[in-house]
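The values are calculated or read from the model by the stated rules, or taken from the named source; none is laboratory data. Remember, predicted model here, so these are calculated numbers, not experimental data. When we count neighbours, we look across all protein chains shown, and the Cβ atoms used for this are built from the backbone with ideal geometry, even at glycine.
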Amino acid sequence: MSENKSTVLVEAKELVQPRLKLTYPDVHIPLNRRVQKNINRDIHNVLTGMLRADQYPNAEDKEFGGGYEVKANESQVLSLVFELYYYADGTAHGMVTYRSRTYNTQTGHAYTLAELFRRGSDWQKRLNKEIKRQFKKRDIPQTAPFETVIESTDYFVTPQDLVIYFQLYEYTPYAYGVPEFAIPMASLQDIANPSGPLARIGT
(Lines give C-alpha, C1' and ligand atoms only; values in the text may rest on other atoms or scores of the structure.)
Protein backbone atom coordinates (compact mmCIF):
# COMPACT_ATOMS: atom_id res chain seq x y z
CA MET A 1 0.00 0.00 0.00
CA SER A 2 1.54 3.31 -0.99
CA GLU A 3 1.80 6.05 1.60
CA ASN A 4 -0.20 8.58 -0.41
CA LYS A 5 -3.17 6.19 -0.33
CA SER A 6 -2.92 5.37 3.35
CA THR A 7 -2.48 8.87 4.79
CA VAL A 8 -3.94 12.29 4.10
CA LEU A 9 -2.58 15.79 4.55
CA VAL A 10 -3.96 17.64 7.58
CA GLU A 11 -3.22 21.36 7.63
CA ALA A 12 -3.68 23.53 10.72
CA LYS A 13 -5.79 26.63 10.19
CA GLU A 14 -6.77 29.35 12.61
CA LEU A 15 -10.09 31.04 13.26
CA VAL A 16 -9.90 34.32 15.16
CA GLN A 17 -13.07 36.13 16.15
CA PRO A 18 -14.08 38.29 19.12
CA ARG A 19 -13.39 36.24 22.30
CA LEU A 20 -12.39 33.20 20.23
CA LYS A 21 -9.11 31.79 18.96
CA LEU A 22 -9.44 28.33 17.47
CA THR A 23 -6.98 26.13 15.59
CA TYR A 24 -8.74 23.52 13.46
CA PRO A 25 -7.76 20.84 10.91
CA ASP A 26 -8.23 21.27 7.18
CA VAL A 27 -8.06 17.89 5.45
CA HIS A 28 -6.63 17.59 1.94
CA ILE A 29 -7.38 14.59 -0.28
CA PRO A 30 -6.45 15.80 -3.80
CA LEU A 31 -7.52 12.58 -5.51
CA ASN A 32 -10.97 12.64 -3.93
CA ARG A 33 -12.33 16.15 -3.56
CA ARG A 34 -15.81 14.90 -2.70
CA VAL A 35 -14.58 12.99 0.34
CA GLN A 36 -12.34 15.92 1.28
CA LYS A 37 -15.34 18.27 1.18
CA ASN A 38 -17.51 15.90 3.21
CA ILE A 39 -14.89 15.42 5.95
CA ASN A 40 -14.19 19.14 6.24
CA ARG A 41 -17.91 19.89 6.36
CA ASP A 42 -18.33 17.37 9.16
CA ILE A 43 -15.41 18.89 11.08
CA HIS A 44 -17.06 22.30 10.72
CA ASN A 45 -20.33 20.89 12.04
CA VAL A 46 -18.62 19.29 15.04
CA LEU A 47 -16.85 22.51 15.99
CA THR A 48 -19.96 24.62 15.45
CA GLY A 49 -21.91 22.26 17.70
CA MET A 50 -19.25 22.49 20.42
CA LEU A 51 -19.29 26.29 20.32
CA ARG A 52 -23.07 26.46 20.44
CA ALA A 53 -23.18 24.03 23.37
CA ASP A 54 -20.89 26.38 25.29
CA GLN A 55 -23.03 29.37 24.30
CA TYR A 56 -20.65 31.06 21.89
CA PRO A 57 -21.06 33.85 20.75
CA ASN A 58 -23.86 34.81 23.17
CA ALA A 59 -21.92 34.30 26.41
CA GLU A 60 -20.11 37.63 26.52
CA ASP A 61 -18.40 36.83 29.84
CA LYS A 62 -16.42 33.92 28.32
CA GLU A 63 -13.13 33.76 26.43
CA PHE A 64 -12.85 30.73 24.15
CA GLY A 65 -9.93 28.82 22.69
CA GLY A 66 -9.31 25.45 21.16
CA GLY A 67 -7.25 23.14 19.07
CA TYR A 68 -7.01 19.59 17.79
CA GLU A 69 -4.74 16.57 17.71
CA VAL A 70 -4.24 13.92 15.03
CA LYS A 71 -4.33 10.59 16.85
CA ALA A 72 -4.08 8.31 13.80
CA ASN A 73 -3.51 8.92 10.10
CA GLU A 74 -2.79 5.66 8.30
CA SER A 75 -4.44 2.77 6.44
CA GLN A 76 -7.27 5.02 5.23
CA VAL A 77 -8.11 5.93 8.85
CA LEU A 78 -7.98 9.48 10.22
CA SER A 79 -8.76 9.94 13.92
CA LEU A 80 -9.00 13.48 15.26
CA VAL A 81 -9.65 14.92 18.72
CA PHE A 82 -11.05 18.45 19.07
CA GLU A 83 -10.58 20.53 22.20
CA LEU A 84 -12.64 23.58 23.18
CA TYR A 85 -12.06 25.48 26.40
CA TYR A 86 -13.33 28.68 27.91
CA TYR A 87 -12.72 30.92 30.87
CA ALA A 88 -15.62 32.82 32.39
CA ASP A 89 -15.33 36.00 34.42
CA GLY A 90 -15.41 35.37 38.15
CA THR A 91 -14.88 31.60 38.00
CA ALA A 92 -12.11 29.68 39.76
CA HIS A 93 -11.11 27.63 36.72
CA GLY A 94 -11.85 27.09 33.07
CA MET A 95 -13.88 24.37 31.40
CA VAL A 96 -12.84 22.10 28.59
CA THR A 97 -14.77 19.82 26.25
CA TYR A 98 -13.42 17.19 23.90
CA ARG A 99 -15.03 15.66 20.86
CA SER A 100 -13.57 13.31 18.29
CA ARG A 101 -14.11 11.82 14.87
CA THR A 102 -12.62 8.75 13.22
CA TYR A 103 -13.01 8.83 9.43
CA ASN A 104 -12.63 6.42 6.57
CA THR A 105 -10.61 8.60 4.20
CA GLN A 106 -11.74 6.62 1.17
CA THR A 107 -15.44 7.24 1.78
CA GLY A 108 -15.58 10.10 4.28
CA HIS A 109 -17.64 8.04 6.70
CA ALA A 110 -17.32 8.91 10.41
CA TYR A 111 -17.56 5.74 12.52
CA THR A 112 -19.64 5.50 15.66
CA LEU A 113 -18.22 3.36 18.45
CA ALA A 114 -20.64 0.56 17.60
CA GLU A 115 -19.50 0.51 13.97
CA LEU A 116 -16.00 -0.48 15.00
CA PHE A 117 -17.30 -3.94 15.87
CA ARG A 118 -19.02 -6.87 14.25
CA ARG A 119 -22.81 -6.80 14.38
CA GLY A 120 -24.13 -9.05 17.10
CA SER A 121 -20.84 -9.13 19.00
CA ASP A 122 -20.60 -8.51 22.73
CA TRP A 123 -18.60 -5.32 22.23
CA GLN A 124 -20.39 -3.38 24.96
CA LYS A 125 -19.83 -6.12 27.52
CA ARG A 126 -16.15 -6.37 26.59
CA LEU A 127 -15.52 -2.63 26.78
CA ASN A 128 -17.54 -2.19 29.97
CA LYS A 129 -15.55 -4.92 31.72
CA GLU A 130 -12.22 -3.37 30.74
CA ILE A 131 -13.22 0.18 31.67
CA LYS A 132 -14.48 -0.95 35.08
CA ARG A 133 -11.27 -2.90 35.59
CA GLN A 134 -9.20 0.18 34.83
CA PHE A 135 -11.30 2.40 37.09
CA LYS A 136 -10.52 0.03 39.94
CA LYS A 137 -6.88 -0.75 39.12
CA ARG A 138 -5.95 2.91 38.60
CA ASP A 139 -7.94 3.96 41.67
CA ILE A 140 -9.73 6.66 39.70
CA PRO A 141 -12.04 8.76 41.92
CA GLN A 142 -15.66 8.67 40.80
CA THR A 143 -18.52 11.07 41.36
CA ALA A 144 -20.96 8.72 39.62
CA PRO A 145 -20.80 4.99 38.87
CA PHE A 146 -19.86 3.96 35.35
CA GLU A 147 -22.47 1.62 33.88
CA THR A 148 -22.04 1.16 30.15
CA VAL A 149 -20.74 2.53 26.88
CA ILE A 150 -23.27 3.25 24.14
CA GLU A 151 -23.12 3.74 20.38
CA SER A 152 -22.34 7.44 20.74
CA THR A 153 -19.71 7.19 23.51
CA ASP A 154 -16.67 9.36 22.77
CA TYR A 155 -13.55 7.59 21.52
CA PHE A 156 -10.53 7.89 19.28
CA VAL A 157 -7.99 5.44 17.90
CA THR A 158 -4.21 5.45 17.87
CA PRO A 159 -2.00 3.07 15.89
CA GLN A 160 -2.11 0.69 18.88
CA ASP A 161 -5.23 1.38 20.94
CA LEU A 162 -8.90 2.14 21.06
CA VAL A 163 -9.26 4.95 23.60
CA ILE A 164 -12.57 5.62 25.36
CA TYR A 165 -12.82 8.92 27.21
CA PHE A 166 -15.39 10.82 29.24
CA GLN A 167 -16.02 14.52 29.77
CA LEU A 168 -15.21 16.55 32.86
CA TYR A 169 -17.65 15.78 35.68
CA GLU A 170 -19.25 12.89 33.75
CA TYR A 171 -17.84 10.28 36.13
CA THR A 172 -14.90 11.96 37.84
CA PRO A 173 -14.19 15.19 39.76
CA TYR A 174 -12.79 18.22 37.94
CA ALA A 175 -9.36 17.83 39.53
CA TYR A 176 -8.87 14.45 37.86
CA GLY A 177 -9.23 15.88 34.37
CA VAL A 178 -10.60 13.95 31.41
CA PRO A 179 -10.27 10.20 32.06
CA GLU A 180 -9.03 8.05 29.18
CA PHE A 181 -9.16 4.27 28.92
CA ALA A 182 -6.79 2.75 26.37
CA ILE A 183 -7.68 -0.74 25.17
CA PRO A 184 -5.18 -2.52 22.91
CA MET A 185 -6.58 -3.17 19.46
CA ALA A 186 -4.96 -6.58 19.45
CA SER A 187 -7.30 -7.66 22.24
CA LEU A 188 -10.37 -6.72 20.17
CA GLN A 189 -9.59 -8.30 16.80
CA ASP A 190 -11.99 -11.21 17.32
CA ILE A 191 -14.95 -8.80 17.48
CA ALA A 192 -13.63 -6.01 15.22
CA ASN A 193 -15.54 -4.99 12.11
CA PRO A 194 -13.29 -6.50 9.38
CA SER A 195 -13.62 -3.36 7.25
CA GLY A 196 -13.38 -0.89 10.12
CA PRO A 197 -10.53 1.05 11.74
CA LEU A 198 -9.65 -1.56 14.36
CA ALA A 199 -9.01 -4.18 11.71
CA ARG A 200 -7.31 -1.75 9.30
CA ILE A 201 -4.81 -0.39 11.83
CA GLY A 202 -4.65 -3.17 14.39
CA THR A 203 -3.35 -5.93 12.17
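The figures follow:
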read-out	value
Residues (farther than 18 Å from K71 by Cβ, of a type in the set (A, V, I, L, M, F, W, C) and touching a Pro at 6+ places or on another chain (Cβ under 8 Å)) located in the range 136-164	I140
Identity of the residue in the range 109-121, in contact with a strand residue (DSSP E or B) (Cβ under 8 Å, 6 or more places away or on another chain) and assigned to a loop (DSSP other than H, G, I, E, B), that ends up nearest to V27 (Cα to Cα)	H109
Test: residue in the range 110-117 that is surrounded by 18 or more Cβ atoms within 10 Å (Cβ to Cβ), among the aromatic types (F, W, Y), over 30 Å from D54 (Cα atoms) and at pLDDT 95 or above	yes
Positions within the range 29-63 being surrounded by 13 or more Cβ atoms within 10 Å (Cβ to Cβ) and outside any helix (DSSP H, G or I), in sequence order	I29, N32, D54, Q55, Y56, P57, A59, K62, E63
Boolean, Q106 is at pLDDT 95 or above and either exposed (fewer than 13 other Cβ atoms within 10 Å of the Cβ) or part of a loop (DSSP other than H, G, I, E, B) (or both)	yes
